[in-house]
């Protein structure tokens, strides 16, 4: 009786016999809402499509959620997941980039915006072969959250992209700036600066930078890289005995070590000379 009193209060004049139909209609409406892209559960259904291997269906669901869901956080997450599916599963970087650009423009979270710029940068670098555009987006990501612990890595991505595109002066400026702003990455920056100097033909400057970097990096692989770079510089400067001594201290694959050492010995036997 109390239940019916409540129903009458909510729906005046309702016939008791029709209550079942009203309940069915309400249930159907709720079910339709729950299945729609506006539902809080919509992301889960898109994830399920992807887990089943139906990337196209997942991408469509994510796109629909990003378009109509009333919750901004879900729209942004849907855009990000849609971009990943378009880029990785559907091999469509252009479609992925368009979604990432929308996300970068509307994301309320600065870190999510920065993530979008990083992914755009990687698409520009790897799929569009545009290192300059890639560097621009890496720097936009860095500047969006300058105090992020990812800021140095984003600077490195930009510097490497500029170097790949032949913009050596811009790359050098970023690496020099990194030595000043992030002392913990100074060794990595000096390795990169040494490589730039060697690329430009300044073996003496590169040698000094490689020697400095060897004592600033702690990773064995980076230390080996610094020594190998120093050996290359010594070889170019004609200091073949010193280059051989440097190579003897580096852990290299046997075939590589043999080839390098034999080449240096051959040069030394005929008088050597700078390259």
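Quick look at the numbers
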{"read-out": "Protection proxy ranking of 162-175, 42-55, 221-234 - average other beta-carbon atoms within 10 Å, highest first", "value": "221-234, 162-175, 42-55"}
{"read-out": "Cα gyration tensor shape for the stretch 182-275, rounded if a/c is under 1.5, else prolate or oblate", "value": "oblate"}
{"read-out": "Cα centroid of the stretch 215-233 to Cα centroid of the stretch 51-108, whole Å", "value": "42"}
{"read-out": "The stretch 75-178 shape via C-alpha gyration tensor axes, a/c threshold 1.5", "value": "oblate"}
{"read-out": "Highest-first arrangement of 58-70, 100-112, where packing means the average Cβ count within 10 Å", "value": "58-70, 100-112"}
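Where a number appears in this text, it was derived from the coordinates with a stated rule and is not lab data. What you are looking at is a predicted structure, and each value in this text was computed from that prediction instead of being measured. FYI the Cβ positions are ideal-geometry reconstructions off the backbone, even for glycines, and counts take in every protein chain you see.
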